[in-house]
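The values are calculated or read from the model by the stated rules, or taken from the named source; none is laboratory data. Nothing here was measured: the structure is a model prediction, and the numbers come from that model. Quick reminder, even Gly has a Cβ in these numbers, built from the backbone with ideal geometry, and neighbours come from all protein chains shown. For accessibility, only protein heavy atoms count, side chains too; no ligands or nucleic acids. Shrake-Rupley method; radii C 1.70, N 1.55, O 1.52, S 1.80 Å.
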Amino acid sequence: RSDGTIHSRKGRTDYNMWTIPDGEVLMGSNEACTPLSPSEPNVLQVGSYWKLAQMYDSSHFSFSSKQYDGLTGNAAKTAVIYRNDGRAFNGPRSDYNAWGDVPTYSDSPPRFGDKTLEIDEWRIRQIDGQHLSISHTSGNVARLYRSDGRVLTKQPMSFSGWANQELGAPNCAFRTADFVQLGDWRLGEFDTEHFSVSHASGNTAMIYKTDGRLYAGPRTDYGTWDSDNFPIGTVLEGSADGCATILDAMLTPHDPARVDVKFNRALLESSAAGLVGSFKVYDGADSKSELAISSAVLNKDGDSLELTLATAPSPGVSYQVSTSFEVPMKDPIEVVPADTTLDLVQTSWDFLQIGNWRFAHVCESCTNSHFSISSDNKKTSQIFRDTGTTHRGPRSDYNGWDMEDQTGTTFSSNGIVFGNQCVQVRDWRIKQMDDTHLSVSHESGNVARIYRSDGTVHRNVKSFSGYKEELGEPACTYLTDTYLQVGDWRFGAYDATHLSVSHRGGKTAMIYRSDGTIHSRKGRTDYNMWTIPDGEVLMGSNEACTPLSPSEPNVLQVGSYWKLAQMYDSSHFSFSSKQYDGLTGNAAKTAVIYRNDGRAFNGPRSDYNAWGDVPTYSDSPPRFGDKTLEIDEWRIRQIDGQHLSISHTSGNVARLYRSDGRVLTKQPMSFSGWANQELGAPNCAFRTADFVQLGDWRLGEFDTEHFSVSHASGNTAMIYKTDGRLYAGPRTDYGTWDSDNFPIGTVLEGSADGCATILDAMLTPHDPARVDVKFNRALLESSAAGLVGSFKVYDGADSKSELAISSAVLNKDGDSLELTLATAPSPGVSYQVSTSFEVPMKDPIEVVPADTTLDLVQTSWDFLQIGNWRFAHVCESCTNSHFSIS
């Protein structure tokens, strides 16, 4: 400074000599300098106070405001800076300001293209009908505005204005004194303090203030689309051509002689009557065969013209609608050109009818999109709005049965479209998102309702939007007279009064009633539409659906009152009892639920009940294998001589029963019925009228109140009661092995083969001519004497060298047969024992097959003798094992 002082501060932009015009060269040379003129600054001024500019370098782009006259210092503010890596830095700040700083320069000034503004390496472009983006030539998107007024960041390069490198000729891209218009978007100066980004629908996505602050939408104020306050007027740069267009030309479903022509802008109301001559409707194959238009009327919003034809179009003929002259919009700068032609399409109502219910897109004139569920008595139970909100009834507006009111049902050319586990009604989708969830969502991404298979309902979680993926080809989504099925869900008219939303797992998530009320309670199972027989497909496709028939329910009924079932999903398996006749409400009880993580949840409880809820389904019914019952992903299997387990295909063991009557939990996977993946052929695994038998175990109905798991030894490991309570062993009552009270009788499924077997054949140490043959079952006492001829004892090397059997006697328990030989076996010879015929047990269904052969083994006493003392295993017939010192 002339007073001899110096002044420096990082980042200051005032006193900059590059704002001074070029001077005359007095010394030196200006050759090789980057010229300031004719080179153009990368800046576009919008209104009186705002500039959009590429600043400092090609990596930065800013929206900045002017310093008011009379203010001192650097009061010009920058509201936002966009960077080429896709990041945005919000103000207020003073750097990167095109009013106080020097911008970058390029060979051309800002240019307008196809709904695009290009400023050197940055583009602001309308990407599609919904989106406007600010992006760098690198492809990164720094800001994305959506037509519903939302502002999005970190968007993929598919939204870049450079995805199509061509700028295109100026088409609905221009600047006026107050704003820049790019298609259906305006970036404009609302007043001396506010600059906004707003959409033609009336939504404002962003407001910038001259103090450098910014305010994101969605909101509806500060937009610059009011043609009274913000007329286009003079186009300073670019072109307004292509801004106004016809969106649709449709024959209405309720009046065959009415054509609705829809525009993307409002028309001038006073011009409607005069537009009769501006249109012609004709056979597409013969442009001279016009249908006379008798009248033209604008709708309330002014963006749809209702043309009434003197005669209705002929069925089967393809008609077109064409403009004879330019058709001006409310802002006369925007016009639909002459000779604009569209196919005339047949429309249908935007609803799905299920019995006396309709799911409908309603209220064509509303700013927001609405979807409702209503009954034919003109009661609306539920309204979904595109904001993600829900509005319950009872109410009478927004009703799908109302064809006259402004809030009633709408129509369009492609209102109902079926897809892959999804149906689209205009701009709404009902879609199964996964095995558990179904959503009702709008194309904006908002989710108005989520139904979950556990019977609960949830609100807006955008990750469950049905618009996250393509609609797809129709698969497992179809309409019948009584229900709409979407994957594993049904919306159905259960009766004249109730419409329910239910999952095939058995839960009912919502009930809508014809009085307009709605009813939801977690875990309810009534009004479930999966108990209704399959209906004839009217629309959509039932291909790829998991069939209910011939597909089999994962349920096995045991006795009259009990079911073993995989419920809701493959992770849960339950033992549940039946509701007694005459009881009201849900009195059926579940005694236990097993989960795939190995946990068990004891009753009494009412959920997961196979008598009241819908089970899972699979390709095959419950199957019997080698001492095994398999129900889809669950197995009940005899693991060895002592253990029976209930396990999931994951390997986790949810319950282990032991032959001594004890019940064990948290057991290792070595006890899983899936440790050996092979199910095997049915072998001692079957069902009768009263029980399931798996090897030496029975799961059976003892009486009308008790169901038990018991072992052939006489021990009962668990008792389940019909009131949902359970009682663990060890105990000896309530078993189902008494052949007098629980004979096998008829085998309904599976096979009793392999149940009876010989355990041992032994030469006794106290009598060398006696052979003890031990069985795993008791034999019929009266048959003992007659069994002499059913066995043979012979030299293993010579099957013809038999030793004669003189007698056969059963032991006290009936499970061991003492065979007395006529002559004692020779020492050193290996003998065998074989059955000549079938040997029936006490229950004659169980037999030891003929030709069953065992080695005859020499035995010794089970004691150690020490002088005149013995340590001995004693009492062969005792239930428990004993060891004594005597």
Inter-label distance, nm, simple model (7 Å from Cα along the C-beta direction), Thr853/Ser836:
1.7
Could you go through segment 473-479 in sequence order and give the Karplus-derived ³J(HN,Hα) for each residue, using 6.51 cos²θ - 1.76 cosθ + 1.60 with θ = phi - 60°, rounded to whole Hz, and x for Gly and Pro?
6, x, 7, 6, 9, 7, 10
Heavy-atom accessible area of the chain with neighbours in place, 1.4 angstrom probe: carbon+sulfur share in percent works out to 48
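Nearest 0.05, what FRET efficiency do Glu24 and Asp191 give at R0 = 56 Å with Cβ-Cβ as r? Display every interim value, and only then the final one.
Details: r = 44 Å, r/R0 = 0.78.
Rounded to the nearest 0.05, the efficiency is 0.80.
Can you list the equivalent-ellipsoid semi-axes of segment 314-397, largest first and in whole Å, using the square root of 5 times each Cα gyration tensor eigenvalue? Could you put the intermediate results ahead of the total?
Values: eigenvalues 263, 82, 15 Å².
Each semi-axis is the square root of five times an eigenvalue, giving 36, 20, 9 Å.
List the relative contact order of the chain as a percent without decimals, with contacts defined as Cα pairs under 8 Å and 6+ residues apart.
On the way: 2424 pairs, mean separation 39.5, N = 886.
Relative contact order of the chain: 4 percent.
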Residues with amide H under 5 Å of Thr116's amide H, sequence separation 5 or more or different chain, H placed in the peptide plane at 1.01 Å from N; which?
Asn171
Rounded to the nearest 0.05, what FRET efficiency is calculated for Glu237 and Thr456 with R0 set to 51 Å and r the Cβ-Cβ distance?
0.35
Computed FRET efficiency, Cβ-Cβ of Leu759 and Asp569, R0 51 Å: what is it to the nearest 0.05?
0.75
Below 11 angstrom from the Cβ of Ser65, what's the summed charge of the other residues (Lys, Arg +1; Asp, Glu -1)?
+2
If the cut-off is 25 Å between C-alpha atoms, which lysines fall inside it for Lys812, apart from same-chain ones fewer than 8 positions away?
Lys774, Lys792, Lys842
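How large is the translational diffusion coefficient of segment 92-189 in µm² per second when you combine the Kirkwood radius over alpha carbon pairs with Stokes-Einstein at 4 °C and 1.567 mPa s?
Numbers: Rh = 14.1 Å.
Rounded to a whole number, D works out at 92 µm²/s.
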Judged on accessible area alone, 1.4 Å probe, highest first, Asp862, Asp107 line up as Asp107, Asp862
Counting only C-alpha contacts under 8 Å and six or more residues apart, can you give the relative contact order of segment 124-244 as a whole percent?
22
With Cβ to Cβ distances under 10 Å as the rule, what net charge do the other residues near Asp454 carry (K, R +1; D, E -1)?
+1
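Using a 1.4 angstrom probe on the protein heavy atoms only, could you order Ile636, Ile885 from most to least accessible area? Spell out each step's value before the answer.
Values: Ile636 5, Ile885 110 Å².
Ranked list, largest accessible area first: Ile885, Ile636.
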Surpassing 23 Å at the alpha-carbon level, of the pairs Lys262/Lys468; Lys300/Lys330; Lys66/Lys330; Lys378/Lys431; Lys378/Lys507; Lys51/Lys209, are Lys262/Lys468; Lys66/Lys330; Lys378/Lys431; Lys378/Lys507
Once phi for every residue in segment 352-364 is put through the Karplus expression 6.51 cos²θ - 1.76 cosθ + 1.60 (θ = phi - 60°), the whole-Hz ³J(HN,Hα) values, with Gly and Pro written as x, are 10, 9, 10, x, 9, 10, 10, 9, 9, 7, 10, 6, 5
For the chain, can you list the cysteines whose C-beta has no other cysteine C-beta under 4.7 Å from it?
Cys33, Cys422
Would you tally the net charge around Pro553, using a Cβ to Cβ cut-off of less than 13 Å, leaving Pro553 out, and scoring K and R as +1, D and E as -1?
-2
Glu838 accessible area, 1.4 Å probe, all protein chains in place, Å² to nearest 10:
120
Return the long-range amide H neighbours of Tyr568 (sequence gap of 5 or more, or a different chain), with a cut-off of under 5 Å between placed amide H atoms.
Thr616
Which residues' amide hydrogens lie under 5 Å from the amide hydrogen of Ala448, considering only partners 5 or more residues apart or on another chain, with H built in the peptide plane?
Val440, Ser441, His442
Express in Å², to the nearest 10, the accessible area of Phe837 obtained by rolling a 1.4 Å probe over the protein heavy atoms while all chains stay in place.
120
For Gln130 and Ser201 in one chain, what is 0.36 nm times their gap in residues minus the Cα-Cα distance, to one decimal in nm?
24.5 nm
Check the straight Cα-Cα distances from Lys721 and name the lysines below 22 Å, setting aside those fewer than 8 residues away within the same chain.
Lys563, Lys578, Lys589
Grab every C-alpha pair in segment 800-852, bin the distances at 5 angstrom width from 0 up to the longest one, and report whole percents.
4, 14, 20, 27, 18, 10, 4, 1
Of Lys589, Lys300, which has the most accessible area with a 1.4 Å probe, and how do the rest follow in descending order?
Lys300, Lys589
Could you tell me the accessible area of Tyr319 in Å² (1.4 Å probe, neighbours in place), rounded to the nearest ten?
20
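What GluC sites (Glu not before Pro) does segment 159-238 have in DSSP loop regions with at most 11 other beta carbons within 10 Å? Working shown, then result.
Details: sites: Glu166, Glu189, Glu193, Glu237; in loops: Glu166, Glu193.
Answer in residue order: Glu166.
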With the 1.4 Å probe rolled over protein heavy atoms, the chain has an accessible area per residue in Å² of 45
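Work the Kirkwood hydrodynamic radius out for the chain: mean of 1/r over every pair of different alpha-carbon atoms, inverted, in Å. Show your work: numbers first, answer last.
Numbers: mean 1/r = 0.0285 Å⁻¹.
Taking every pair of different Cα atoms in the chain, averaging 1/r and inverting gives 35.1 Å.
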